[in-house]
Amino acid sequence: MFLAAIVLGLIQGLTEFIPVSSSGHLLLVERLLGWDTSKLVFDVALHWGTLVALIAFFWRDWVSILRSFAGHVFCRQPYGKPDDVKGYGRLLVPIVVASIPAAVAGIGFEHKIEAWRGSAWIVAAIASALIGVGLLMLLAERVGRKQRETGSMNYADYIVIGAAQALALFPGVSRSGITISAGLFRNLDRTAAARFSFLLSTPAVFGAGLLALKDIVKQPMPSDQWAVLGVGFATAAVSGFIAIGFLMKYLQRGSVAVFAVYRIALALAVLGTLWHVAR
């Protein structure tokens, strides 16, 4: 059980932020190794581990966002300081607006998508999503002009990126992959697209973690599961923090194409294995 917690924590932490799909990788591991990645202990550990990674990496951004909003509401200060050239302090309302599509989709479809986990066709569907979003990432990399910073974003950008995040409910899509691609299509530069993607994902991951905690209250875990939860949580948090740092630094100069190629290669290997088994 501890080995499973470490392996799943690593997969969640790395693939939640690198745009290759954490849910797709977790389901593929579940089918390959026979582990039940939907167990409550793993849901709690992985969601809260990735949330800690997000907050630990972007805490300065969130302090700026919350301080600016509080000053605007309670002290009638201008929304965002004049020296806030990148516009981080003005992002609270946009993040809330951009989170609405994913929240609505989650309420309406999450249980249905969860029920698909055991379907015979889900692995082929994940492979198809890996390929589809991989091709989308290649197109976004090619056509996006990469000229805009976060401070130049408008509500059209927030709504487009927020709608893209809603698609990440389906395994194989990748929250970071689809939202970074949407940002590139809106001509954001790579690091601006990734930063807004990660800031936007924070409320979604927090909400998922709260739902998992609610389930624990309804169905308490056995005492021996708490140690497993701690291992999975720590592994997801540390690996997630490393993955965010790697991606933000890489995107200063590097292309998302390398991740798109990985997605397509993995999907083709999965489809090839399915075809070989079916023969």
| message | Could you check the spin-label model distance between S255 and R76? Points 7 Å from the Cα along Cα→Cβ, value in nm. | response | 5.3 nm
| Whether the range 89-153 is rounded, prolate or oblate, judged on the alpha carbon gyration tensor where a/c under 1.5 counts as rounded | oblate
| task | Please find the FRET efficiency linking Y155 to V7, where r is the Cβ-Cβ separation and R0 is fixed at 45 Å, and quote it to the nearest 0.05. | result | 0.65
| To the nearest 10 degrees, how steeply does helix 155-166 sit against the main Cα axis of the chain, on a 0 to 90 scale? | 10 degrees
| query | the range 78-230: Rg/Rh from Cα coordinates, Kirkwood Rh? | reply | 1.04
| message | Students often check this: by mean Cβ neighbours within 10 Å, which of 252-263, 6-17, 173-184, 89-100 ranks highest, and how do the rest follow? | response | 173-184, 6-17, 89-100, 252-263
| For the range 147-218, average projected area of the Cα convex hull in nm² | 5.1 nm²
| Lysine pairs in the range 2-278 with alpha-carbon atoms under 17 Å apart, 8 or more places apart or on different chains: how many are there? | 5
| note | Note: the range 240-279, point scatterers on Cα, Debye, no solvent; log10 I/I(0) at q = 0.31 Å⁻¹ equals -0.95
| remark: Ranked from fewest to most other Cβ atoms within 10 Å of their own Cβ, H111, H25 fall in the order H111, H25
| So how do M137, M248, M1 line up by other beta-carbon neighbours within 10 Å, fewest first? | M1, M248, M137
| request: Sort V238, V63, V133 so the one with the fewest other Cβ atoms within 10 Å of its own Cβ comes first. | output: V63, V238, V133
| message | Give me the percent relative contact order of the range 2-278, please, defined on Cα pairs under 8 angstrom at least 6 residues apart. | response | 37 percent
| Cα gyration tensor category, rounded, prolate or oblate, for the range 168-275 with a/c compared to 1.5 | prolate
| message | How would the range 188-243 be classified by its alpha-carbon gyration tensor: rounded, prolate or oblate, with rounded meaning a/c under 1.5 and the a/b versus b/c comparison settling the rest? | response | oblate
| request: Take the alpha carbon atoms of the range 2-278, find their radius of gyration, then divide it by 2.2 N^0.38 Å using N residues; give the quotient. | output: 1.01
| Per-pair calculated FRET efficiency, R0 = 51 Å: K214 and L268 via Cβ, rounded to 0.05 | 0.85
| task | Would you mind checking which residues have amide H under 5 Å from N187's amide H? H placed 1.01 Å from N; only 5 or more apart, or other chain. | result | R145, K146
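Every number here is computed from the coordinates shown, using simple stated rules; none is lab data. What you see is a predicted model, and the numbers here were worked out from it, not measured in a lab. Cβ coordinates were reconstructed from backbone atoms using ideal geometry, including for glycine residues, and neighbour counts include every protein chain displayed.
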